[in-house]
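Presented below is the structure to which this report refers.
No lab work stands behind these numbers, since they all come straight from the coordinates. What you see is a predicted model; the values in this text were computed from it and never measured. Cβ placement follows ideal geometry from the backbone for every residue including glycine, while neighbour counts extend to all protein chains displayed.
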Amino acid sequence: MVSSVFTMFSSSFKVEARANLKLALPLIAAQLAGVGMGTVDTIMAGRLGKEALAAVAAGANLNVVFFVFFMGLLMACSPIVAHRAGAGHADARVGVFAREALLLSGVISVVWVAGAHLIAGPVLLHIGLAPETAHVAAEFLRALSWSAFGFSAWFVLRFVAEGMGTTKPIFFSGITGLLGNLFLDWVFMYGKFGLPEMGAVGCGWATSISAFLMALVLAAQYRFHAPLRQLEAFKPRMPRLGANAREILRLGFPIGLILLAEAGLFVLTAMWMARFGDSTMAAYQIALNFASVLFMIPLGVGLATTVRVGHAMGAGETSAARYRGIVGMKLGVLNAASNASIMVLLSSLIAALYTDDAEIAAYATHFLWLAAAFQFVDGLQVTANGALRGIKDTRVPMLITVTAYWLVGMPVAYQLAFATPLAASGLWWGLTAGLALAALGLSLRFLNKAARL
């Protein structure tokens, strides 16, 4: 036991941890800025009352289905480019790949917008919200869906840059989106500069415009930042969908399903949570939103682990790839301890940031304690997934994830919530059960694959 602790903090561990975190820190900051857009929407909507907060919560949770699936699909750009960069092909050939991926992102955006518009009314009007709240939620989702074009382009540009090991430009674009969203929320919600007062729906339009600004700022970095400029990604040549798009879809579709399975777990939980009333739903959104903010840290480590492992695999250094994946998972677990401590020790202060409603704050404080419990398993599963992406292993991880979340997590959550006195708290314990099984399966999968590299 003592020797394993010393191994964790050995000199080789410290060297690889520093290399991982050097890549991860800008990504963590960018992820925090990105999720901060949702946090800003939630906080601003909370000032309009619990009905507006519940509407934004319901609409945002439904949009997550599209957001995470298509982000996962385009996330395949990172390991593909990482392998090519590791093999010494970080040149205009990657630029050709980027142009084709951007064209694919345009097709994806059309599907995203159409899908969100089709399901907004039918779903949100039948999940147990008050009729007026449901109507506002549907209008918010329709406005938010137009963020698809900005986000999809940003996903491609950021994952290509990640694969190259160039992460600082991603941070700057994320900050642009966060600041833009904060300003535009204020403008649209309260009708500033002569614009009509849109209330909660204004949050959706603010995010859509801010997503476009993020993509624009990152695209500019491909013209002015030397490591990205060499790719000639915006060379005036009309791309067409071909082998690169097929590779993205082949590798990315399982990644998208992995993220969708996890997000779906939380979305369906939110729908069930709505049965316990608007106050419980609002409190759940507060706890989940803050947990999502902290989750950006292990997610950033997982993304960096993909790049570190992918570079080693591209260079044919399989032993280095194995070690880099293991270090990434250890970093995920170490971070989980600090995340859980924050949620437990500062739960009351966190709830007060979102609402001044005493009932909602009390529920949120309780939910934050429960959310702290799954930080450890969530930190492990996301970094294990990152390591597996680095070796381009996505199909079996997809099966592990879907099984853990939907064949274990969801039935456990439902039974605990609606067949025991735990009620709404039971939903949180169901989430934890699903995440724990996924963490175990994914980490064992990487260790097994790594031993055979």
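3J(HN,Hα) along segment 180-185: x, 5, 4, 5, 6, 4 Hz, from the Karplus curve 6.51 cos²θ - 1.76 cosθ + 1.60 with θ = phi - 60°, whole Hz, x for Gly and Pro.
Relative to the 2.2 N^0.38 Å rule of thumb, segment 198-351 has a C-alpha radius of gyration ratio of 1.38.
For segment 178-201 versus segment 322-343, the inter-centroid distance based on Cα atoms is 38 Å. Ordered by the count of other Cβ atoms within 10 Å of each Cβ, fewest first, L453, L53 give L453, L53. Which net charge results when you count Lys and Arg as +1 and Asp and Glu as -1 among the other residues whose beta-carbon is under 14 Å from that of S292? Neighbour charge sum, excluding S292 itself: -3.
Which percent of the Cα-Cα distances in segment 287-330 go past 17 Å? Value for segment 287-330 (Cα pairs over 17 Å): 39 percent.
Taking the alpha carbon gyration tensor of segment 65-201, multiplying each eigenvalue by 5 and rooting it gives semi-axes of 35, 19, 11 Å, largest first. Taking other C-beta atoms within 10 angstrom as a stand-in for reagent exposure, W428, W406, W272 fall in the order W406, W272, W428, fewest first.
Counting 0.36 nm for each residue step from K168 to S338 and taking away their Cα separation leaves a gain of 58.7 nm.
In terms of surrounding Cβ atoms within a 10 Å radius of their Cβ, E132, E51 rank from fewest to most as E132, E51. Potential lengthening of the chain between R250 and S319 amounts to 22.2 nm, from the contour at 0.36 nm per residue minus the alpha-carbon distance. Bridgeable lysines around K50 (alpha carbons under 24 Å apart, same-chain partners fewer than 8 residues away excluded): K192.
Highest mean first, the peptides 178-184, 419-425, 226-232, 306-312 sorted by other C-beta atoms within 10 Å per residue fall in the order 306-312, 178-184, 226-232, 419-425. Once Rg and the Kirkwood radius are both taken over the C-alpha atoms of segment 313-453, their ratio Rg/Rh works out to 1.08. Highest average first, the peptides 240-252, 202-214, 329-341 ordered by how many other beta carbon atoms sit within 10 Å of their residues are 202-214, 329-341, 240-252. By the Cα gyration tensor, segment 391-453 has an equivalent ellipsoid whose semi-axes, rounded to whole angstrom, run 30, 10, 6 from largest to smallest. What the pair-distance distribution of segment 10-451 shows, using all Cα-Cα distances binned every 20 Å from zero, is 27, 59, 14, 0 percent.
Checking the Cα-Cα distances for K168/K330; K14/K449; K235/K392; K22/K392; K14/K168 against a 27 Å cut-off, the pairs over it are K235/K392.
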